[in-house]
Structure formats: C-alpha cells, structure tokens
1. Can you pull the percent of Cα pairs in the range 292-421 with separation above 19 Å?
2. Within the chain, what is the longest stretch that has no GluC sites (Glu not before Pro) placed in a DSSP loop and near at most 16 other beta-carbon atoms within 10 Å?
3. Cα atoms only: what Rg and Dmax, in Å, come out for the range 253-326?
4. Pairs on different chains or at least eight residues apart, Cα atoms closer than 24 Å: how many lysine pairs in the range 356-424 fit?
5. Regarding the range 72-168, what whole-number volume in Å³ per residue does the convex hull of its Cα atoms give?
6. When Cα extents along the principal axes in Å is calculated directly from the model, which label among (i) 67, 62, 52; (ii) 98, 45, 38; (iii) 113, 62, 57 fits?
7. Spelling out what I want: for every residue of the range 359-374, take phi, set θ = phi - 60°, compute 6.51 cos²θ - 1.76 cosθ + 1.60 (Karplus), and round to whole Hz; glycine and proline get x.
8. Distance in nm between label sites at Ala218 and Asp437, each 7 Å beyond Cα in the beta-carbon direction?
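No value in this document is a laboratory result; all are computed from the given coordinates. The structure displayed is predicted, hence computed values, not measured ones. Here Cβ is always computed from backbone atoms with ideal geometry, including for glycine, and neighbour counts include all displayed protein chains.
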Amino acid sequence: MKPAFLLPFAFIGVLCGQDAIVFQNARIHTVTKGNLTGSIVVQNGRIAAVGETVMAPPGARIVNLNGKHLMPGIIDCHTHIALDSINEGSVSVSSMVDAGEMLNPESVSIYHALAGGVTVANSLHGSANAIGGLNVAFKTRWGKDAAGLIMKEAPPSIKMALGENPKRAGQGGGSQFGQQQQLRYPGTRMGVEDVIRSAFTEARIYQAAWKEYETKRAKGLPAITPRRDLKLEPLVEVLEGKRLVHAHCYRADEILMLLRVSQEFGFKIAALQHVLEGYKVAKEIAQAGAGASTFSDWWAYKMEVVDAIPYNAAIMHKKGVLVSLNSDDASGAELMRRLNTEAAKVVKYGGVSEDEALAMITINPAKQMGIDKYVGSIEPGKQADLVIYDGDPLSIYSKVQQVYIDGQLYFDREKDIAERGRKAALKNGLIEKEKADEKRNAPQRPSSGAKPPGARAEASAELLAESAAGRRPQ
C-alpha cells in the first residue's frame, strides 16, 4: 500500500475541515508521481494530501468518484482565445502593446475550453511581427471578470515570430482581407533576423543608460533621468530574465538562427511555438535549454510546414527537449477542448508512455510558462486545478464530467445538460420578445383608400400652386 503524501505545513489545517473536499475512489493521474487508486484532500483551494488512504477532515465534503479518472487541469501554452485584438501588425516591433488589456471575460470560448478540461490558457499576441506584443496567462474561471481570470503568479511573457507571417507585410500586394497593403520592413527572412537583432541592440543601450543613471543616483551624483521607452522596457526585461519569450517558428534554419541570437544576447527561449521542423534540430534545441510547444499532427497547410511530421513531438521529447502540445485556437476553442486526444496521438505516432503524453498537456506547458510551482500536476501544496473524466483521459470516448479550479467547481456536465432546456427556452423567449418589440415599433401602414403621407403632401403642394395661379383644380 502506498502511503499518502501530505502537505507538511497544512496537516493541522486539514484536521479542521474548513472548506475541505475529499475526492474518494478515484483513479488518480498525478503526472509527476505515478498513478494510483485513492483519494485527494483539497483545502483552501490547494491540494493538501494524495494517497491510497488519506485522513478525511471532520466536516469535509466527500465526493465519491466511483472509479472515475482524475488528473491535473490541462494547460494550453499557445492559444488566442478571449482576445478582442490579436495582431498589432502596423509595425515590426510591437512590444509596447499588451494582449492582456483586451482580455474578454464574456467570450464563450473560455467556457468551451473549460468544458474540455483546460484550466490555464496562455493567450498570445499574434505572429504578424518579428517582435510582437505582451501575452496573458489566465485561468478559465468562467463567470469572473477580466481581472479575476488572470493568473497573477505567471511571469510575464512576450511573443516573437519568424518566417512567412512577419515578412508578409513587406512583400506588397493585397492583404488577406483584400485591401491594398502598405509595405513594411522586413520582407525577407534575413530582415526578420535583423529586426530582432536591432531591437535587442537598442534594448542593451537603453538598459545601460538606466544602469548609469541608477549608479549615479546611488552615489549622490547629479543624473538626468533617461527618457522612458515602452517598446524597449519589455525587451530589457527579457535580457534580465524577467520576461519569458514564446517564439512562433517552423523551419529548422530559422530555429537555429533564433537560438544563436538568443545566446548572443544572453536570454533563453521559454518555448519555440509550432516548431514543426524541430525534429531536425532537436539536439540543438535541447542544448540551448529551449522548450518546444507543437501540434500533434498538423502539416501541409502552408509552404513552410511541408516537412512537418506527426512524430515531431516524440522525437524532440526523446532528444531531451521539454515538449508541450498546444491548440493555437483563435476563437472557438475547438481543438483546445480536445487536447487530451491530441496527447493520445503522440502515444500512437511516437510510442511515448501515457504519462509522458499527459505531461505534454499539463506539467510541461506549466514549466514553459513558469507556473509549475503552482499547477500542472497533482501534488500537495499545488493549486487544486482538477479534471474528472468518466474514462481514461487519453480515450476519444471519455468525457469531462467536472472541472475544479482552485478547489472551486466551475464546470459540471450533468448541470450543463440539465440547464440546456431552460436556457434554450429563455433564448427563444428573448427572440420572441424582440420580434414583438419590432412589430410594435414598426411604422403604421395607412388604412385602405387613404393616401400615404407622401401622396397627401404632393396633393397639398398641387392645390397651393394652382390657387396661386388663380385656377381651380380639375
């Protein structure tokens, strides 16, 4: 029998049972500490104990899972859901803009992702720029306002992009929306590298100016405050290791280029995003300490991905790269709510273990986002983000039954199904009310035989004109 592992400083708190939940008879996928059949104690939004047997606090709510599967909340390291704006594509370096300011808590994609077991989303700026805007990491706490969604523990990050997307605006012609496009540097892959290198060179100069200013101030010497630059401040944070980099890329040559540039300027890449030719340079990615967040089996949807293969994730993983799987969903969360079966594809194609596959949608993306201290696995002390399935999480037939975030129930399949009839009736009632309002407020038609207002006005004008001419109307 495996002993329970407990949160050392929480044992006394567990005994009181305040706000405690005990999930019993669960098939638990801890991801980092193996699988077991047992129980989990949750208290004050955190996991307090996990084991085959645990002490149920007096007064705790008992949830008997009757053999259902319980795993950590799924984490999507690259999505764009719940953002009203994604690309500030008018400039090549848009590090002054923040996608988090556009976070829309009313976007139904949040609920769709939640229903698929996703508890943390990393919504990124788009890939129209060599250096894009700032990203936002949030929890799918459906019903909260924008501030209530944001995961405050997540370190800040920025988006970068290589290849076709950032160079497209420099090639002329029409945009994807059919309008004539204003030319914008860069127009080649070489130019993309130059934009990145030039921006970080400027950031170094800006960083040195502020250091000089702070040194003089510390010595009591007169100093002029440098002019603040909102574009360069985030890049200085990257240089100082305070802001993570997520970089859109596909081809092996560009992956190596960005690794060289990052080493030249002394920063690391938290995650190479998409990285569909990563299998070609997996050894170099691992040596650089960069992560890779990829698709399970997307390929051939544009020229720079023609060499993509469904074995990419498994090959990179076996070469020592920290690999996650992402959806890149922009609005509907269609792939995002099926990341569990995306992970299952890596078992099929690459022969990784089930635990390794689950890690690619839980603890691995948590590490790439710098939040693995808080989420990504079932361990005492971590936030209680938990997903309950009615079957094996890697099975296409399994369905999410409940989702807990910070120990609070945010999705319940039975309740969702039960509420559908009432919500449909409410929706239909509102539609009928709108139709009735439109009918009531519509302009009234003239009665039979009566002239419409326009005709009456014309007749009056005719009478006045004939009267002025001294004639009677015929």
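1. Working: 4636 of 8385 pairs.
Of the Cα pairs, 55 percent sit more than 19 Å apart.
2. Between the exposed loop sites, the longest stretch runs 335-474.
3. 11.6, 34
4. Values: Lys367/Lys382; Lys373/Lys382; Lys399/Lys415; Lys399/Lys423; Lys415/Lys423.
Taking the Cα cut-off of 24 Å, the pair count is 5.
5. 99
6. Recomputing Cα extents along the principal axes in Å here picks out (iii).
7. 4, 6, 10, 9, 6, 5, x, 4, 5, 5, 9, x, 10, 5, 5, 10
8. The modelled label-to-label distance comes out at 6.3 nm.
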